[in-house]
Amino acid sequence: MSSWFDYTLNGIIIGNIYALLAVGLALIFGVARLINFAHGSVYVVGAYAGFVAVTQFGTPLPLTILIAVAVGALLGLVIERFGLRPLQGYAHIAPLLATIGISFVLDQIMQLTFSPDPRALPSELLQQRFQVGSGTIGALDLLIAAIGLASAGLLYAFLRYTKLGWAVRATAQDRDAAQQMGVNVDAINRTVFAIASGLGALSGLLVGMYYNYIDPAMSFQATLKGVVAQVVGGVGNVPGAIAGSLLLGLVESYGIALFGTSYRNLFAFVLLVAVLVLKPNGLFASRRQTPPEPMTGTFIAPSKPIHIPYRILVALALVAALLPAVLPDPYVLQTLTNAWLYGLAGLSLTLIAGTVGLISLGHAALLAIGGYASALLSINLGVPIGLSILSAGLIAAAIGTLLVFPSFRLRGHYLSIATLAIGEIVSLVILNWESLTRGPIGISGIPPLSIFGIELDTDRSIYWFTLATLVVLAALQFRLLGSHLGRVLRAVRDDDIAARSYGIGLNRYKALAFAVGSFAAGISGGITSHLYSYINHETFNSQLSILALTIVILGGMGNVAGAILGSVLLVGLPEVFRIAAEYRVLIYGLVLLLLIRFRPQGLLGTV
Amino acid sequence: MTAGAAPAPKPAEPLLALDSINTFYGPVQVHFDLNLTVGRGQIVCLLGGNASGKSTTMKIILGLVKPASGVVRLGGEPVSGLPTPQIVRRGVGSVPEARRLFGEMTVRENLLMGAFTRRDERAIARDLDRALGLFPKLAERLGQRAGTLSGGEQQMVAMARALMGRPKLICMDEPTMGLSPLWVDRVLDLIATINREGVTVFMVEQNASLALEIAHHAYVLQTGRIVLDGPAGDLRSDPRIRDAYLGGQDKT
């Protein structure tokens, strides 16, 4: 019985910590219509600010809290300045992607500064525990609950009784009308970012104290938890965010009690997808409507693509094919092989995100499904490798489309969040379904690439195999884009209501495009697994999803040649310049950020 | 001018003047050399059919849209190019198209939002009482969420909200749109009342005959050009008003 008390208490405490995150996300969404993916980075920075203050300067707790909040608020102002303000008037998805870029940059800076190793965040006086009935309650628990309540109370009073608070609410409800009352909405944005980020940093500090553990990688999970809590409570709804956070904390805590720790995040994401699909306005939205996404504008920047004549494309493919004969350097060939594999993922995403406008943030899951499918088919069932890779493509197409199908009714931000969550769910299922996937151990001894029984054991043969696969799939995608079907898909992207009124069954076309795209991603994952000979649930992680998206934006959304060019540039160049791995993520983040700001249509233009 | 002659008296500076405004939405030109003035203490009405550029004129004055060329002057000083909140601070109140109340906030909060730029709490409280005197119905609705009011009541809130900023000039974008005939009369009466209390009114209307009843002066806008202007009394009987609404047939 006492353990249930502890689990409930733990759920409420964790819920409080999530609430500090989610409230900030809700405020930011309210005034800026933006889901701030850099919020988790602020949380990490807050935790480390507290860590530095305590370990270097021995600050007392109230001062530590103050420092973390101040650092967070300042960082919030910086994020607003670079992530949001320059992008006013861009498509709504642009600032969202910019905050993803910012979070990559911030997280990587934190890793480079503090090393990826976890640290302990000592909290001296708070180890006391008090007996309450049959359970115990710690001083730290009480502190976190008190801070959560106090923050909620202050925020309520601010929004309800101060002029600035009214201006925040007015801006959230009607930006133009607020301006006409004399409200400087840019200043309101800054205020809100500062408040939200201060609370987010406080959340990071508290969670570090609660677990006595911090590391830079907790950023992404924190963002996701905040987003889950917010969506559950209703996007942009501040009281809803608090309720959603407590619910999420309890669901997680009871879930751990019943099934074990490794299921914790699975519950969070299943809850998210369920709420998104069944009640996209949130559980507590009785009278409040989610602000509508714009009809169009999931697409970043329409432009005229740069036309590359057919002959030149063929010539380029020939040059690529002849390269091993001229330059048999294994390092170059391996690098380019890698680029072709990412190119396949890029082809896939450029079709789904670019041509059909479904901006997927969980694309790595498709590669993971393909990788596991081909590996398991060849190991467990002895399927010949070529056939197993082909099957991997088909399986990725089938499972991927089935998983994402319920989300097709969502648009813009909501769809992106759903794909992100589905990606996480796939990764967590792989981690937990030990009888099939061998769980955290991963799959080793995956047989090397071979085709028709002939083993591809030279760098050159592998290079040719991946290049040939890429060329065939790229040619098919060119044909698709030029066909009637391609036009229909673009119509679905550009204005789904208009497309629907012309009798186009949207979901069928979205599913078709998703299946075709997933096939290429599955093939890429399948080949990768045979090249690596070992994969686990982290081989295809969320960084890969964002890299794929950056490749696609760099090349030009929907642009087939652009996806390949983007892949060569982003995967190939860092390799050629031998940039250390930890700086690569930093570069990807910066490239994403700069692209969205200065060339959202990509190098070759959107199609 | 010969020496010794008395200099021509300088005409009173109009409160608002639009001087050769050209506006574009992308490649589409909305205004063609638009000139327009609003004298102090007047009700000036801008009439025109759909897509004539009426609402854009309003947005130009409020700084929500920037003209490609031309100047907007308020009391002689150029304000075009200033951000909207700055223009509002200089004494321009707005009753936007379709009211645009803050629906989730109470009527009281909406009214006080109108006084956002002011710091004189006591005078604000007095003005709130005055506004409630002008719109007695609102007094019983103060604690209610603005989104739950009827269209006519919302229009009153929007007008009272604009007054709370103590503006010199109130811009109203189609204040009678979507209201029942009874409410239309009431709203027009209130506009006249507000004007009598010293506030200059610039309003955009589709409903020409009604607007001309209370206006002093009117302009008729057709596809971005002023095609007609004059004292409201003269325009009331002018057949060309009707032409402007029927899409502008070729005139001989």
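The values are calculated or read from the model by the stated rules, or taken from the named source; none is laboratory data. Keep in mind it's a predicted model, so treat the numbers as computed, not measured. Cβ: placed from backbone, ideal geometry, glycine included. Neighbour counts: every protein chain shown. Side chains included, ligands, DNA and RNA excluded: accessible areas come from the protein's heavy atoms. Shrake-Rupley method; radii C 1.70, N 1.55, O 1.52, S 1.80 Å.
Some values worked out for this structure:
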item: Verdict on A:ALA368 being modelled with pLDDT of 90 or more, out of contact with any Lys or Arg (no Cβ under 8 Å at 6 or more places or on another chain), on the phi < 0 side of the Ramachandran plot and not basic (Lys, Arg); result: yes
item: Matching residues, segment B:98-144, being open to solvent by 60 Å² or more (accessible area, probe 1.4 Å), within 19 Å of A:THR162 (Cβ to Cβ) and among the charged types (D, E, K, R); result: B:ARG108, B:ARG119, B:ASP120, B:GLU121, B:ARG122
item: Condition check for A:ARG578: free of Cβ contacts under 8 Å to residues at least 40 places away in the same chain, within 19 Å of the chain's Cα centre (by Cα) and open to solvent by 40 Å² or more (accessible area, probe 1.4 Å); result: no
item: Any chance B:LEU112 is farther than 26 Å from B:VAL227 by Cβ, at the interface with another protein chain (Cβ under 10 Å from one of its Cβ atoms) and touching a residue at least 60 places away in the same chain (Cβ under 8 Å); result: no
item: Identity of the residue in segment B:57-94, in contact (Cβ under 8 Å) with a residue 60 or more places away in the chain and over 19 Å from A:MET181 (Cβ atoms), that ends up least open to solvent (accessible area, probe 1.4 Å); result: B:THR57
item: Meets criteria (over 26 Å from A:LEU376 (Cβ atoms) and acidic (Asp, Glu)) for A:ASP457; result: no
item: Breaking point among (1) open to solvent by 70 Å² or more (accessible area, probe 1.4 Å); (2) in contact with a helix residue (DSSP H, G or I) (Cβ under 9 Å, 6 or more places away or on another chain); (3) touching a residue at least 60 places away in the same chain (Cβ under 8 Å), for A:ASP494; result: (2)
item: Scope segment A:323-357; condition part of a helix (DSSP H, G or I), surrounded by 15 or more Cβ atoms within 10 Å (Cβ to Cβ) and either among the β-branched types (Val, Ile, Thr) or not assigned by TED's automatic domain parsing to the domain that holds A:VAL552 (or both); matching residues; result: A:VAL332, A:THR335, A:THR337, A:THR350, A:ILE352, A:THR355
item: Filtered residues of segment A:397-417 (kept if modelled with pLDDT under 90 and small (Gly, Ala, Ser)); result: A:SER407, A:GLY412, A:SER416
item: Residue in segment B:117-130 that is more than 10 Å from chain A (Cβ to nearest Cβ) and of a type in the set (S, T, N, Q) present; result: no
item: Selection from segment B:69-87 of residues that are within 12 Å of another protein chain (Cβ to nearest Cβ) and within 15 Å of B:LEU169 (Cα to Cα); result: B:THR84, B:PRO85, B:GLN86, B:ILE87
item: Pairs where the first residue, in segment B:38-53, is of a type in the set (Gly, Ala, Ser) and the second is at pLDDT below 85 and buried (at least 24 other Cβ atoms within 10 Å of the Cβ), C-beta under 9 Å, 6+ apart; result: none
item: Residue match in segment A:168-180 (condition: within 14 Å of another protein chain (Cβ to nearest Cβ), at positive phi, crowded, with 24+ Cβ neighbours inside 10 Å and in contact (Cβ under 8 Å) with a residue 12 or more places away in the chain); result: no
item: Some residue of segment B:38-56 being within 14 Å of chain A (Cβ to nearest Cβ), surrounded by 17 or more Cβ atoms within 10 Å (Cβ to Cβ), modelled with pLDDT of 90 or more and within 16 Å of the chain's Cα centre (by Cα); result: yes
item: Residue within segment B:160-172 that is surrounded by fewer than 17 Cβ atoms within 10 Å (Cβ to Cβ), modelled with pLDDT of 90 or more and not in a loop (DSSP other than H, G, I, E, B) present; result: no
item: Members of segment B:145-159 that are buried (at least 17 other Cβ atoms within 10 Å of the Cβ) and without any contact (Cβ under 8 Å) to a residue 24 or more places away in the chain; result: B:GLU153
item: Members of segment A:395-411 found to be open to solvent by 10 Å² or more (accessible area, probe 1.4 Å) and either in contact with a strand residue (DSSP E or B) (Cβ under 7 Å, 6 or more places away or on another chain) or assigned to a helix (DSSP H, G or I) (or both), listed by number; result: A:ILE395, A:ALA397, A:ALA398, A:ILE399, A:THR401, A:LEU402, A:LEU403, A:PHE405, A:PRO406, A:ARG409
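One line per residue, one yes/no per condition, for (1) surrounded by fewer than 23 Cβ atoms within 10 Å (Cβ to Cβ); (2) away from chain B (no Cβ under 14 Å):
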residue	(1), (2)
A:ALA146	yes, yes
A:ALA152	yes, yes
A:LEU164	yes, no
A:ASN184	yes, no
A:ILE195	no, yes
A:LEU202	no, yes
A:VAL207	no, yes
A:ILE242	no, yes
